[in-house]
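See structure below.
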Amino acid sequence: MRFIVVSALLSSLFLLTGCDDAKAPQSLTRVALQGAHSQSFSPDGRDLMVGSLHHGGSLWTTTPAERLYDWNHKDGTYSSITSSAFSPDGGFVATTDTRTIVLWQRASGEAVWFWNAPGDIKDIALTNNGNLALLGMADYTATLFDIKNGGIRLRLPHDGIVYSVSISPDGLLAATGSDDLQVRLWSLSDGRLLQQLPQNNQVRTVEFSADGRLLFTSAMNDAGRIWDVASGRLLAEIGKTRGHYSAARFSRDGRQLLTGTSSGRIELWQVSDGIRLHSWRAVTEQTLGSRAVLVEDVAFSGEGYLAAGSNGLLYRLQ
C-alpha cells in the first residue's frame, strides 16, 4: 500500500474548492486508500484510529504519520469500524462495528476484550483505563457498559436515536445527543438526569472540555453552542453551518475550540465569545472537483492542529 504526503501545490488545489476565507492545509497524508467509515484522535493528538472503507481498522501515529497496528474484529477479514474512542489516559482504544465492540491495549496492540452489543451502535466513549464504555444506540438509549467484565450498568433514555456521546474526563458525567432534538446531561454514578438542553434540530455532536466544565453541542443546520455544564447556561454560539459540526475538541486550557464540519471546513474559535480565529478547508488530492469532505475528528498538536477526513486524509494545519 502506498501512502502519499502532499505539501506542494496545496494553495492552487485550494483555489479550486471555492472562494472563501478558509486557508489550505499545510500538508496532507493518506491513511485510508478510498476513504474511511470513522477516524478518531487520541486526547493528545499523537495517535489516530482509522476505520477504512475497504481495508479494516488501523492505528497510526500522527508525527510522523506511521501505521502501528492493523486491528480487525475477526481474523482474516476486514472489519467495518464505524466508531472508535480512546480512553482519557490514552492507554486503551475501543473499536465498534454495528454490533460488536473490541477493547485494545495501545502499548501492545493486543485485543483484550470482545463483546456483542445489545443493539446497533452509533457512537462510543470510554472512561479512564478503558473500564466503562458509553454507547450511543439506535434503540433510543445511551448504554453504559462494563467493557472489561461485561454487563450493562445504566440505560439513559431518549426519544430518538442517540448519535453522539461524551464522558467527562473524571468519569462522573455523560452528555448524550439525539435526533429527539435534545442534549441530556447525566450522572454516571446513578443515572440521574441533571440537565436537558433543547436544540433546534437533530443533535449530531456533543463534546466535553478537558476539565469537564464546558460542553459543545451541534444540531443539523444550526449554530454550534458552548454551555456551562454546572448551570446549563449557554455561554457562546458559533456560526451556523451547512450540515453540522461533525467534530469538536477543546484546547487543554478550555480557551479555544477546534471544530470540523460535514462540509469540509475546519475552524478555530475563541470560547469566551465565539469569535472565529482561523479557518481551513479540507481539500482533496485532485485538482478538479470539490466533493464535500466530512471532517471526522480534530485535535490540537504541538505543531499546530490536526484534522481527519472521510476521504481518508490526515490534515496538518497552521
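The values are calculated or read from the model by the stated rules, or taken from the named source; none is laboratory data. On a predicted model such as this, the values are computed, not experimentally measured, just so you know. Cβ placement follows ideal geometry from the backbone for every residue including glycine, while neighbour counts extend to all protein chains displayed. Remember, those area values only see protein heavy atoms, side chains included, never the ligands or the DNA or RNA. Shrake-Rupley method; radii C 1.70, N 1.55, O 1.52, S 1.80 Å.
Overview of results
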quantity: Positions within region 211-262 being open to solvent by 30 Å² or more (accessible area, probe 1.4 Å) and not in a loop (DSSP other than H, G, I, E, B), in sequence order; calculated: ASP228, LEU234, LEU235, GLU237, ARG249, GLN256
quantity: Options ASP120, ASP44, ASP70: the member that is open to solvent by 10 Å² or more (accessible area, probe 1.4 Å) and under 24 Å from ARG153 (Cβ atoms); calculated: ASP120
quantity: Which listed residue, of LEU294, LEU306, is open to solvent by less than 10 Å² (accessible area, probe 1.4 Å), within 17 Å of ALA32 (Cβ to Cβ) and touching a residue at least 24 places away in the same chain (Cβ under 8 Å); calculated: LEU306
quantity: Residues of region 177-210 that turn out to be within 21 Å of LEU132 (Cα to Cα) and not in a strand (DSSP E or B), as a count; calculated: 7
quantity: Leading residue by the ranking (modelled with the highest pLDDT) among those in region 274-306 that are of a type in the set (Ser, Thr, Tyr) and assigned to a loop (DSSP other than H, G, I, E, B); calculated: THR284
quantity: Pairs where the first residue, in region 185-211, is on the phi > 0 side of the Ramachandran plot and the second is open to solvent by 80 Å² or more (accessible area, probe 1.4 Å) and of a type outside the set (Val, Ile, Thr), C-beta under 8 Å, 6+ apart; calculated: GLY191/ARG155
quantity: Per-region count, region 48-67, residues closer than 13 Å to GLY109 by Cα, out of contact with any Lys or Arg (no Cβ under 7 Å at 6 or more places or on another chain) and surrounded by 19 or more Cβ atoms within 10 Å (Cβ to Cβ); calculated: 3
quantity: Strands (runs of 3 or more DSSP E) wholly inside region 67-174 that include at least 1 residues being within 20 Å of SER218 (Cα to Cα) and of a type in the set (Ser, Thr, Tyr); calculated: 83-86, 141-146, 162-167
quantity: Where PHE300 falls short, out of the listed (1) open to solvent by 30 Å² or more (accessible area, probe 1.4 Å); (2) over 14 Å from the mean Cα position of the chain (by Cα); calculated: (2)
quantity: Scope region 182-201; condition of a type outside the set (Lys, Arg) and open to solvent by 60 Å² or more (accessible area, probe 1.4 Å); matching residues; calculated: SER189, ASP190, LEU193, LEU194, GLN196, PRO198, ASN200
